[in-house]
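Here is the structure we will look at, set down as C-alpha cells.
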C-alpha cells in the first residue's frame, strides 16, 4: 500500500523535477480517483495528487475524491521546502489541471502556466471526506467542488479555482459556512480566483456585523 511505502513525499498522477522556478510537476493522469475510508486512509508525510484537465471527448473526470474517503498527512517532513509548485511551461505544455496536496510540510505556492482562456481543470471532493495535515492545498485551473460536509483540518490552507463563491452559490469553488468555519484559527488561509462572489445571506450577515460594531 502507498501509505506503507515509508517515503517522505508521494506524488500520484504525474512526475516532478527541480527547476530554477521551483518544482515542475507534469501531470499524466487523465483520471485520478481516491476511494478510501477511516480504516484504510491514504497517508504519508507529504501527499500530492494531480491530474490533467478532463476533456469532453474522452469522458475523463480529472481528480475525484470519493465520498467518505480519508486522506491524512502522517509523519514528519524533514525538509520544510517552500519551493513553488509549477504546472505547465510557457509556450509549451499546458498547466491546465488539478492538484490536491495534503502535507505536514509548509504551505507552497502554486503557479500554472500556459492555461487556456476556458480552463477545464476539475477537482471534486465528495460528501463526508476528511482531509487533514499541517497544510492543505486544493487547486484547480477550472472547477473545484467541495461537499459542504467535508472535514478540513489544517493550520494552513491554500484554495483556488476559476470562481470562488463564499457562503453559497454554484459554479467554481463553493465555500459553505461550515467550510469557512474550518479556517478559524488557521495560521494561513489563502483563496485565489479571478472572480469571487459573496452569497446574499453572507452579505446580510456581514452588514449586520458592521452595523453592530458601530
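The values are calculated or read from the model by the stated rules, or taken from the named source; none is laboratory data. Quick caveat, the model's predicted, so the values are computed rather than measured. Cβ: placed from backbone, ideal geometry, glycine included. Neighbour counts: every protein chain shown.
A single entry from 127, 51, 56 fulfils the requirement of being farther than 18 Å from residue 158 by Cβ and at pLDDT 95 or above: 127. If you go through region 109-132 and keep only what is in a loop (DSSP other than H, G, I, E, B), touching a residue at least 40 places away in the same chain (Cβ under 8 Å) and on the phi < 0 side of the Ramachandran plot, you end up with 109, 119, 120, 121, 126, 127, 129.
Answer with yes or no whether residue 24 is closer than 27 Å to residue 6 by Cβ, touching a helix residue (DSSP H, G or I) at 6+ places or on another chain (Cβ under 9 Å) and either free of Cβ contacts under 8 Å to residues at least 60 places away in the same chain or part of a strand (DSSP E or B) (or both). Explain how you work it out, then say what you get.
Numbers: closer than 27 Å to residue 6 by Cβ: yes; touching a helix residue (DSSP H, G or I) at 6+ places or on another chain (Cβ under 9 Å): no; either free of Cβ contacts under 8 Å to residues at least 60 places away in the same chain or part of a strand (DSSP E or B) (or both): yes.
No.
If you go through region 177-186 and keep only what is surrounded by fewer than 18 Cβ atoms within 10 Å (Cβ to Cβ) and part of a loop (DSSP other than H, G, I, E, B), you end up with 183, 184, 185, 186.
Pick from 106, 76, 69, 51: which is within 24 Å of residue 188 (Cα to Cα) and within 16 Å of the chain's Cα centre (by Cα)?
Of the residues listed, the single one that is within 24 Å of residue 188 (Cα to Cα) and within 16 Å of the chain's Cα centre (by Cα) is 106.
Tell me the residue from 137, 150, 111, 143 that is touching a strand residue (DSSP E or B) at 6+ places or on another chain (Cβ under 8 Å) and closer than 17 Å to residue 35 by Cβ, please. Only one candidate passes the filter, namely 150.
Take residue 6 and decide whether it is without any contact (Cβ under 8 Å) to a residue 40 or more places away in the chain and part of a helix (DSSP H, G or I). Considered against the rule, which asks whether it is without any contact (Cβ under 8 Å) to a residue 40 or more places away in the chain and part of a helix (DSSP H, G or I), residue 6 comes out as no. In region 43-71, the qualifying residues are those that are surrounded by fewer than 21 Cβ atoms within 10 Å (Cβ to Cβ) and touching a helix residue (DSSP H, G or I) at 6+ places or on another chain (Cβ under 9 Å), and the one that is nearest to residue 92 (Cα to Cα) is 70.
If I filter region 59-70 down to residues being at pLDDT below 95 and in a loop (DSSP other than H, G, I, E, B), which single residue comes out as nearest to residue 82 (Cα to Cα)? The residue in question is 61.
Residues in region 158-176 that are assigned to a strand (DSSP E or B) and surrounded by fewer than 21 Cβ atoms within 10 Å (Cβ to Cβ): 163, 166. Exactly one residue out of 76, 109, 103, 94 is under 21 Å from residue 157 (Cβ atoms) and surrounded by 20 or more Cβ atoms within 10 Å (Cβ to Cβ): that is 103.
Quick check: anything in region 140-153 over 25 Å from residue 27 (Cβ atoms), in a strand (DSSP E or B) and at pLDDT below 85?
The answer is no, given that none of the residues of region 140-153 is over 25 Å from residue 27 (Cβ atoms), in a strand (DSSP E or B) and at pLDDT below 85.
In this structure, is residue 31 without any contact (Cβ under 8 Å) to a residue 40 or more places away in the chain and within 17 Å of the chain's Cα centre (by Cα)? So residue 31 fits the description; yes. For residue 181, the conditions (1) within 29 Å of residue 95 (Cβ to Cβ); (2) modelled with pLDDT of 80 or more are fulfilled apart from (1).
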